[in-house]
Amino acid sequence: MSRILIVEDEPRVAAFIEKGLRSNGFATTVAEDGQAAIAMALDGSFDLLVLDLGLPHKGGLTVLEELRGQGMQAPIIILTARDDIQDKVTGFEQGADDYMTKPFRFEELLARIRARLRSALQPASGSPAEVALKHRNITLDLRTRRVQVGSKLLDLSAREFTLAETFLRHVGQVMSREQLLDHVWGYDYAPGSNIVDVYVGYLRKKLGSDLIETVRGMGYRMKAK
């Protein structure tokens, strides 16, 4: 049975989510403020977190940053009334796996939770699980989530690493923006968003400007040679 920590300070919303998840076979715990959320998340063996941003004591983005900074790997889905693009970008940059805005349909939240739990449990390329991906002078360590370019060791954000991993698993293949959104962000982003282009730019700066090429009208491709 998967254990889910619901970080929500509005009792009615927390009770609604908890009731729905329990009726679908999940074990749930509720944290009502950011400070409690950090202590409970690090002390308990949770499989996934549903995290509000507008929390007392410590805001949700601070909670997210501290948990990822202390090595927590469980998927985190942000569920918040904030729909500003900068909040979304910051959330993903600090390690969120998904972002939903309120009001929301429970059926959609449940589907996203199940999808994230499946992704967390299954190795991306079958069994046995790979420990590293290599291409040219780049090595991605899938255990430590760090990347080495030549002799230089780099730290990538969670989104940057997942995007780099997607490209390395599809070397030479054109990836459309829609495919990259699906692989990296897990759902259709806001229409007209340039978040894929922004993150490709980040990777080019860190991994090499000539590594990822733009295929006009189609998307991006990591060069095979």
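The values are calculated or read from the model by the stated rules, or taken from the named source; none is laboratory data. In this text, all values refer to a predicted model and were calculated from it rather than measured experimentally. Please note: Cβ atoms are built from the backbone with ideal geometry, for glycine as well, and neighbour counts cover all protein chains shown. Protein only, heavy atoms only, side chains kept; ligands, DNA and RNA dropped before computing areas. Shrake-Rupley method; radii C 1.70, N 1.55, O 1.52, S 1.80 Å.
As a test, work out the antiparallel percent of DSSP beta bridges whose residues both lie in the chain, rounded to the nearest 5. Given both bridge residues lie in the chain, the antiparallel proportion sits at roughly 50 percent.
A simple charge model with +1 on the Cβ of Lys and Arg, -1 on the Cβ of Asp and Glu and nothing else charged puts the dipole of the chain at about 1040 debye relative to its Cα centre. Using every pair of distinct Cα positions in the range 1-113, the Kirkwood expression returns a hydrodynamic radius of 13.7 angstrom. With equal scatterers on the alpha carbons only and no solvent term, can you work out the Debye log10 of I(q)/I(0) for the chain at 0.08 1/Å? Result of the Debye calculation: -0.30. Kindly state, to the nearest 0.05, the FRET efficiency for residue 39 paired with residue 178, given R0 = 30 Å and r defined as their beta-carbon distance. Using R0 = 30 Å, I get an efficiency of 0.15.
Spatial offset of the range 151-173 relative to the range 66-104 amounts to 20 Å, using the alpha carbon center of each.
Shown are 19, 225, whose ranking by accessible area with a 1.4 Å probe and every protein chain present, most to least, is 225, 19.
Largest mean-square fluctuation among 50, 131, 147, in a Gaussian network model of the chain whose springs join Cα atoms under 10 Å apart, belongs to 131.
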